Every structure is written in structure tokens, then in C-alpha cells.
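Reading through the C-alpha cells given below for one structure.
Values quoted throughout were computed directly from the atomic coordinates according to the rules given, and no laboratory measurement underlies them. The structure displayed is predicted, hence computed values, not measured ones. All Cβ positions, glycine included, derive from the backbone under ideal geometry; neighbour counts span all protein chains shown.
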Amino acid sequence: MQQLIRGRVLGFHADPAETDDNHRYFEDGAILIENGRILAVDDYARLARPDLPVLDHRPHLIMPGFIDPHIHFPQVQVIASWGAQLLDWLNTYTFPEEARFADQDHATRMAGLFLDQLTAHGTTSAVAFCSVHATSAEALFTAAEARDMAMIAGKVMMDRNAIPAVQDTAQQGYDDSRRLLEKWHGRGRQRYAITPRFAITSTPEQMQATGTLAREFPDCHIQTHMSENLDEIAFTLSLYPQARDYLDIYESHGLLSDRLLLGHCIHLHPREIARMAETGSRAVFCPTSNLFLGSGLFDEAGLRKAGIVSGIATDVGGGTSYSMLQTLSEGYKILQLQGQKLHPLAGFHWATRGNAMALGMADRIGTLDVGSDADLVVLNSAATPAMALRSERAETLSEELFILQVMGDDRAVAQTYVAGRPMKPV
Ligand code: GUN
Ligand code: ZN
């Protein structure tokens, strides 16, 4: 059945940081959808037909759903844990909590609640770390498939430096990952990400196994963490004394490519920056997490200048909000501290098409291009009294976007469509 979704419509076709002709905006626009796909985007008057049902969101703003390229599903009950930096935080709060995901019932319950949080915050796709247990990945994929939501996820591989309840072995990590990958990768909208947690929690044997998987399944993403925290870096290099630097551990195991998503990338050396650029490896900026865990300031302009493509992500539960609006807001502040600027158009591009480009998936998600998936968010820039008051004085689209980013969260999300289906009661 064809449907029209009406409102003020915004979509990006280029990066505002690079090109002036970067977006299309329809003051009274509409998106024509059928079977979860976008058939057309235009002025409402040009698409309206007597036979078409209309979902009318005026005066709200409709844009592609947010994409969160780095988030931890088993940390839904870790978010907002006090007083630690990365390594303490992992050992004190995170690993014990992730241990609970061995239980299928717990994992299943949390998977549904996790996806509810994503869509409540306007996020329609995510790249998620699961726990070490295959049960957790099964639960997440099953819940995402039931919603027809594009999820890229993997069970973490980790065979040392953690409590036994969240450890696998090199062989079991390989076997479980391969079995999950063969079951879920490319099934509907699901994709598998090979997921070595980070070098600290993988032995060289396990790193070898991740490299084998990467070779065997070259179209799978690989997600991990790198250079988030100074103590982490020192410990990592002590575990891999032959490595030239942190990146070299991943490089020497054959993981570098444009499918590699490296969370954080805060404290990088020039050689690492050059190799990331040469190999197309992606950096993922996690602003709320980097502030919350006291990790450091991501050098967006520096990496961009070097030719590295970056995503921007929540990193819940080191991150403190599921909202990509809040993520952009904190990202803006981190760039401010370094004399860098994040323009609102560039920010909203980043959270949609930019992240899709970082994933190599912009042909399906992150834009309003004809034929792409009808994953949409409907935003209300007057969602709270304070936002309404400020919005009275907003004169341009950019001003409105900035108000949404600085003051908005899930309250500003009026509706979220996943593959054309509304996730909130209509
Ligand atoms: N490095 C390894 N694991 C994690 C994690 O769960 N969160 C963050 N922020 N960094 C990590
Ligand atoms: Zn993370």
C-alpha cells in the first residue's frame, strides 16, 4: 500500500562541510512510501492524490532516521555508573553486567527494551556490540528482525583480562562468531559485524582468529575500540610489545579496511592517522562517552584533513544518552574546546548520511533517495516549553536544527518510522 508522509522534509545529498549544494528542504513536503521503501520526495501538492492515505506531521520536520554506529546493547543497565575511567569502569560495572546476558530470557527482554529506546530517540539503525555470549546476539538480531530494523551487530570476542563469565576462547570466539554470521549476515536487514572487543581482551591467538574471519567474510564490518584512554594504550602496548603502535595490532592481523570501525581514536600517532587514511579505516567519535569517562577530545578537523572518514555515535553505556541530538550537542562542545566548529547542517548530515557513508551503506539508509529504505524521524523543535520559547526566535532551518541539537532529546522525537512503519502509536 502506498502512503504519503507529510511535513517539512529535509534530506542531505552531500556533506555541508564540503559542498554548498548539500541538502533539499521542502516547506510543505511529502515522502511517498510503499513496502518500506521511498518512492518519491517532493512538495506535498505534487505528490497528493485522492486515493493516498496521508500521515500528516505538520509543522514538524521529517528527515532520515538517525544512525548510531557504535553502541553496546548489554550496557542498557550500565549507563550512568559513577566515578570511573575506562579500565576501572569496565571491570567494576561493565563486565559483571554483561555476564547476565548469558541468560536467554534476560537477553531477550533487554533486546526488546534496547530497540525501543533506539526508536524512541529517533535512531533507526545501529552498529551494536553484544556480550560475549551468542545468546545476546541471537536476542538482538531476533528483536531487530521482528521490527524489520537494520542492525549491524556481533558478539564480542574476548579471551583474556576479564572475569571468566564474559570470556570465550580463541576457538570458541571464532566458532560462535562464524555460526552467528552464517545465520544472520544478509538475512533481511541484518548484518553481522566481526567484533573483537579491543586488543586488551584478545590474545594474539584470538586476534589471529578475527583476521581469519575478516579474510573469509570480507564484506562484513569489523568493530572494535582503539586509543580511547591513556592507561588503556599503555596496557595494550605492554601486551603486544612487538607492535609499533595500537593500530599496528589490528593492522598486523589483517583488519584494516573501509569496513573497520574504530571506536574513539582520540590519542592517535601520525603513523596511525596516515595508515587509517590509506586503508580507509573509519574512526567513530563518541562524544558523551569521551566526556563521561574522561577519555579526551576527538580531533575531528585533524582526522578530516588527513582524509579519514569518521562516524559519530552514542557509545551507550559509556555514553550517557541514546539521543543522537544530545550526541551532536556534546560533540559540538568537544570541538569548541579545540577551536573547531560543527555547523548544524554538518551535524545533522553526520548523524544520517555521514554515518551511512562511514558504513558504506548510503545506498540504503541515511538519505531520502528514491529506492532507499523508509527509515525516518519526525522532529518537533518546540517539544518542551523551553524549546518552544527559543524556537519563537528561530528564523532559519539551521537555527532550528541547532535548537533541536542543543535542547532536544527523545521528547523532540514525534515519530520514528522503521521500514515505513511508525514505531510510536499514531
Ligand atoms: N573499550 C573496550 N570495551 C569498551 C566498552 O564497552 N566501552 C567503551 N567505551 N570502551 C571500551
Ligand atoms: Zn564502545
Gyration tensor verdict on the chain (Cα atoms; rounded if a/c is under 1.5, prolate if a/b is larger than b/c, oblate otherwise): prolate
For the stretch 252-265, in order, what is each residue's ³J(HN,Hα) by Karplus, 6.51 cos²θ - 1.76 cosθ + 1.60 with θ = phi - 60°, in whole Hz (x at glycine and Pro)? 6, 9, x, 9, 7, 5, 6, 9, 8, 10, 9, x, 5, 6
Taking Cα atoms, the helix 204-216 axis meets the longest principal axis of the chain at an angle in degrees (rounded to 10) of 40
Treat each spin label as a single point 7 Å out from the Cα along the C-beta direction, and report the ALA277 to GLU27 distance in nm. 4.3
Helix-only mean residue ellipticity at 222 nm, the chain, DSSP H runs n ≥ 4 weighted -39,500 (n - 2.57), per residue, nearest 500. What is it? -10000 deg cm²/dmol
Taking the Cβ-Cβ separation of ARG160 and ALA386 as r and a Förster radius of 45 Å, what is the calculated FRET efficiency to the nearest 0.05? 0.40
Rounded if a/c under 1.5, otherwise prolate or oblate - the stretch 209-283, Cα gyration tensor axes: prolate
Cα-projected label distance for THR396 with ASP148, points at 7 Å along beta-carbon direction, nm: 3.9
Could you derive backbone 3J(HN,Hα) for the stretch 19-34 from the dihedral phi with the Karplus parameters 6.51, -1.76 and 1.60 (θ = phi - 60°), listing whole Hz in sequence and x where the residue is Gly or Pro? 9, 6, 7, 10, 9, 10, 9, 10, 5, 10, x, 7, 10, 8, 10, 8
Tell me whether the stretch 275-382 comes out rounded, prolate or oblate; compute the Cα gyration tensor, take square roots of the eigenvalues as a ≥ b ≥ c, and use a/c under 1.5 as the rounded threshold. oblate
With Cα atoms, 0 to 90° folded angle of helix 104-120 axis to the chain main axis: 40
To test your reading of the geometry: what angle, between 0 and 90 degrees and rounded to tens, separates the Cα axis of helix 230-239 from the longest principal axis of the chain? 40
Gain on full stretching of the segment that runs from HIS106 to ALA14 - 0.36 nm per residue minus C-alpha separation: 28.9 nm
Within the chain: Cβ-based charge dipole about Cα centre, in debye rounded to nearest 20 (Lys, Arg +1; Asp, Glu -1): 360
Bridge orientation stat for the chain from DSSP, antiparallel percent rounded to 5, came to 45
Excluding residues fewer than 8 positions from LYS333 in its own chain, the lysines with Cα under 18 Å of it are LYS341
Once both label points are put 7 Å beyond Cα along the C-beta direction, the LYS341-ASP363 separation in nm becomes 3.6
If you count the DSSP beta bridges with both ends in the stretch 1-97, what percent of them are antiparallel, to the nearest 5? 75
Residues with amide H under 5 Å from that of GLN415, placed H, sequence gap 5 or more: VAL378
Given a Förster radius of 22 Å and the C-beta distance between GLN208 and SER257 as r, what FRET efficiency does 1/(1 + (r/R0)^6) yield to the nearest 0.05? 0.85
Once amide H atoms are placed 1.01 Å from N in the peptide plane, what residues at a sequence separation of 5 or more from HIS60, or on another chain, have their amide H within under 5 Å of its amide H? ARG8
Part-to-part distance (alpha-carbon centres) for the stretch 121-183 and the stretch 218-289, which is given in Å: 20
